[in-house]
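Asker: Structure below; questions to follow.
Computed from the coordinates by the stated procedures, all read-outs in this text should not be read as laboratory data. None of these values were measured; they are calculated from a predicted model. When we count neighbours, we look across all protein chains shown, and the Cβ atoms used for this are built from the backbone with ideal geometry, even at glycine.
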Amino acid sequence: MNFTFSEEQNLFRDSIRRYLEETYPFENRAKTLEHPNGYPEELWQSLAELGWLALPFAEEYDGLGGSAVDSMIVMEEIGRVLLVSPFLSTVLLSGQLIAAAGSESQKRDLIPQIGAGQLKLALAFAEANSGYDLAHVSTSAVKEGNGYRLNGAKCAVFNAQSADIIIVVARTSGAVDDQEGLSLFRLDPTMDGLEIKNYRTHDGGTASDIVFEDLFIPDKALLGDVGTAYPHLQKVIDQASVALCAEASGAMWAISEQSGVYFKTREQFGQNLGSFQALQHRLVEVYMKCQLSQSLVYDAVCALDDFDVLEQSADGDTTNIAQKVSQKVSAAKYQVGLDARSVGQEGIQFHGGMGMMTELPIGHYYKRITMINATFGDPRYHLKRYRDTMCQSIISAT
Amino acid sequence: MDMKFDAQAEGFRAEVRSFVESNLPDDIRAKVSEEEMILPRDMMQRWHHELFKQGWGCPSWPVEHGGAGWSDEEHYLFEREIALADAPRPIPYGVVMLAPCLMEYGSKAQQEKFLPGILTGDQLWCQGFSEPNAGSDLASLKCRAERDGDHYVINGSKTWTSDAHVADWMFGLFRTDSSGRKQQGITFLMIDMKSEGVTISPLENFEGTHEVNQVFFDNVRVSVDNRVGAENEGWGVAKYLLGLERFGTAEVGRSLASLGRLKTLAKTVKVGSGTLLNDSDFMNEVARAEIALRALEVTEQRFLFGPGGSESMGAEASMLKVRGTEIQQDILELAHQALGYHAHAMIDVASPENDHNPAAIAKAHYNFRKTSIYAGSNEIQKTIIAKAVLGL
Ligand SMILES: Cc1cc2nc3c(=O)[nH]c(=O)nc-3n(C[C@H](O)[C@H](O)[C@H](O)COP(=O)(O)OP(=O)(O)OC[C@H]3O[C@@H](n4cnc5c(N)ncnc54)[C@H](O)[C@@H]3O)c2cc1C
């Protein structure tokens, strides 16, 4: 058992932190967000140079072969500085989905371009009525001649506005909640007939709602095999959920530390806020929540990495273990979500009137945390998913 | 980063598991599985004796005193496995608390006199720190020890003394000087419970358990040979003692065992045409507790096996006590809720379909309110974290 990061990982984290602190200090955030996409275009090339964009991909696709632990390091640092970027959308969602579901030639074509910073992608999966259920897809893709006819709508497609490719999850067969019959299509956002409504999100980023009305797309737009997208999507969303937990964890630590500093400097009634026990104990709660949440992030990250190794070596059925991994993901997404929300709310309260001001980071952390909770399943959703697996194993235990 | 134990550690775990499996007497296992923390003297000693024969009686001690020479991982796995198997906790006062103080501050003669009896488990101890007017503010204690030649004469009382009624000896803190700061003038003494002038008066918890006592001292004479450390410097010894416990304060193993019982209970308690397992609100609560426990478990592992190892663990350990006891209480409370009407009876009313013992669960659930009070109340632990970790 070992909780020490490798020398390489420590250097990687240092380089990320140095870069982010120098390039995106909080004082410049409002200015940075004035860019139409919420971030300056030169950011992307820098991230490619720092090795972020090739991080999780296999070496045969010019990737760095990084682990879930490595992605966690990036996400924690992103969380600390509230970085707005299409990193998650491009690399951890779309890129990983191509790596999981794409054909060999699609992977050879697209992944190296992602790693080099030449492509930005967005993943369109959620729909107005889907809640957090990935199988609830009513957008349909009906076979027609040498292509498909797409009808339906997607919502909250993060970073679609700046994407070169949008990957759409559509139903090629089955009923609206079936896990079977989902397929992936790559779309050019500039193609005719695509109705895109772009908007800014509360964290300073962008997202879009997209409508497809009798949109014809050629066969070659199909990513991977027809009708088999669900398990890949599920796996990638699980991985991305853990990444979001890591981001939230980074934000939580930042809130805890900044609140500590405020407690030591802000004076009322002739003494530091930190001398009031009512506040001391609440900051201790915040600190404990940071520690406990971080532990569950580690737990989920290690489970993902272990499963990766297992999947590559085992030839038997791994569904059972996959379910256990998903359970750890849900444990993290539930607890981190709950704790991050409370830490964010406490952080605001600790800062009094200043806590409500836009020139302080606290409220911005809270907005980002809140958005993370409403992405890939909120705490209630994940508690339910965890519970269902738990109950199944209670039933099967003798 | 790697959250798995290596093959060697797993081998050790298996060894402990099979040892407990074949050596833990059934009556003791049954008592512990009813969440009984306080065991009769005979049970404590029988189990300790099994461990002693195996060389595991006082595993955390240095090897030259009879310790096992284990690594941090082995200590951790040992505590975990005995907890999961419903074996008793290590005897706290002699083995875990006093002995290390004697090794650090005691004379050679004291070590030779007391350590062997603690090692074999023949001699049981109790801890006389708290007084009616000195609990959280321990340093304000008043029970007096006046010097009279080569003896101290003790007058006053100690209270909430666990196990005073089964112990052979007490170690405690006594006021030898009240002229300076309250932390000065405290002396650490060891007292034979059979000394003339010692009266043990039992106290009853609200749920009916007798585990603590008030101990009165009426001109009790204690030889200076039984003083640990210098006169008026007992506070340093006490601080050393209170900082000792690194393994097990979170009681994760115990809570995992309790949670396992809670799940079995959910499966067996009938509600309408199904069981509690079909009650998704209740099962949400169980899931919530399980996730909280896992977070605590990994946090403890991070503190023990992170950079710097267990040696570098400081006041962070206080959070293990706070969350650990909250989770213990939470799990037992859920077990109590699972029982519904069955939680009222003070005796086990036979129930053919259900093999659980509602009276014991209900009683334990009341008894465990103590865990957030003793060993430094959770409020005091939070204040420690605020000062030592957060620098407030
Ligand atoms: C079952 C049991 C077994 C025990 N066994 C032993 C034993 O073997 N030996 C022994 O010496 N003692 C023992 N104790 C005593 C125990 O250590 C004390 O009860 C404990 O330290 C609290 O002290 P108190 O009871 O005087 O409560 P108080 O100190 O009066 O505290 C009352 C409440 O106020 C809170 N509080 C106190 N001060 C502060 C503060 N500064 N800031 C915020 N909150 C505060 C406390 O957290 C608590 O909630 C035992 C207690 C119990 C319940």
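Asker: Where does the charge balance sit around B:Leu203 when Lys and Arg score +1, Asp and Glu -1, over other residues with C-beta under 14 Å from its C-beta?
Answerer: -3
Asker: With an 8 Å cut-off on Cα pairs and a minimum separation of 6 or more residues, tell me the relative contact order of the stretch B:150-293 in percent. The partial results should precede the final answer.
Answerer: Values: 210 pairs, mean separation 34.7, N = 144.
Result for the stretch B:150-293 is 24 percent.
Asker: Roughly how big is chain B's charge dipole about its Cα centre, with Cβ charges of +1 (Lys, Arg) and -1 (Asp, Glu), in debye to the nearest 20?
Answerer: Using only the charged Cβ atoms, the result is roughly 720 debye.
Asker: Restricting to the protein assembly as shown, compute how many DSSP beta bridges are antiparallel as a %, nearest 5.
Answerer: That works out to approximately 85 percent antiparallel.
Asker: Right, next: Using each residue's phi in the stretch A:246-260, evaluate 6.51 cos²θ - 1.76 cosθ + 1.60 at θ = phi - 60° and report the 3J(HN,Hα) Karplus result to the nearest Hz, with x for Gly and Pro.
Answerer: With coefficients 6.51, -1.76 and 1.60, one gets 5, 4, 4, 4, x, 5, 4, 4, 5, 4, 4, 5, 5, 5, x Hz.
Asker: So for the protein assembly as shown, taking the charge dipole from beta-carbon charges (+1 Lys/Arg, -1 Asp/Glu), which of B:Phe129, A:Pro361, A:Ser183 sits furthest toward the positive end?
Answerer: About the Cα centre, the residue reaching furthest to the positive side is B:Phe129.
Asker: Here's a follow-up. Before rounding to the nearest 500, sum -39500 (n - 2.57) across all DSSP H runs of length at least 4 in chain A and divide by the residue total; then give [θ] at 222 nm in deg cm²/dmol.
Answerer: Result for chain A, helices only: -17000 deg cm²/dmol.
Asker: Over the whole of A:289-300, what's the average partner chain Cβ count within 10 Å per residue? Rounded to a whole number, please.
Answerer: 5
Asker: Is there a simple number for the mean count of other chain Cβ atoms within 10 Å of the Cβ of residues in B:376-388, and what is it?
Answerer: Shielding by partners across B:376-388 averages 3.
Asker: Using a cut-off of 15 Å between beta-carbons, work out the net charge of the residues near B:Leu138 (Lys and Arg +1, Asp and Glu -1, B:Leu138 not included).
Answerer: So the environment of B:Leu138 carries a net charge of +3.
Asker: Please give the per residue volume of the convex hull enclosing the alpha carbon atoms of the stretch A:29-157, rounded to a whole number of Å³.
Answerer: Dividing the Cα hull volume of the stretch A:29-157 by its residue count gives 147 Å³.
Asker: On to the next question. Note down the relative contact order for the stretch B:249-389 as a percent, whole number, built from C-alpha pairs under 8 angstrom at least six residues apart.
Answerer: The value is 29 percent.
Asker: For peptide B:257-266, compute the average count of partner chain beta-carbon atoms within 10 Å of each residue's beta-carbon.
Answerer: 1
Asker: Please identify, among A:Glu76, A:Glu42, A:Glu311, the residue showing maximal mean-square fluctuation in a Gaussian network model of chain A using a 10 angstrom Cα cutoff.
Answerer: Residue with maximal mean-square fluctuation among A:Glu76, A:Glu42, A:Glu311: A:Glu42.
Asker: Let me ask something else. Over all directions, how big on average is the projection of the convex hull of the alpha-carbon atoms in the protein assembly as shown, in square nanometres?
Answerer: On the way: hull surface 151.2 nm².
For the protein assembly as shown, the mean projected area of the Cα convex hull comes to 37.8 nm².
Asker: What's the ranking of A:142-148, A:331-337 by average number of surrounding C-beta atoms within 10 Å, highest first?
Answerer: Sorting A:142-148, A:331-337 by mean packing, highest first, produces A:331-337, A:142-148.
Asker: Per residue, how big is the convex hull of the stretch B:278-389 when only Cα atoms are used? Give it in Å³.
Answerer: 131 Å³
Asker: What residue among A:Asp192, A:Asp378, A:Asp315 shows peak mean-square fluctuation when chain A is described by a Gaussian network model with Cα springs under 10 Å?
Answerer: A:Asp315
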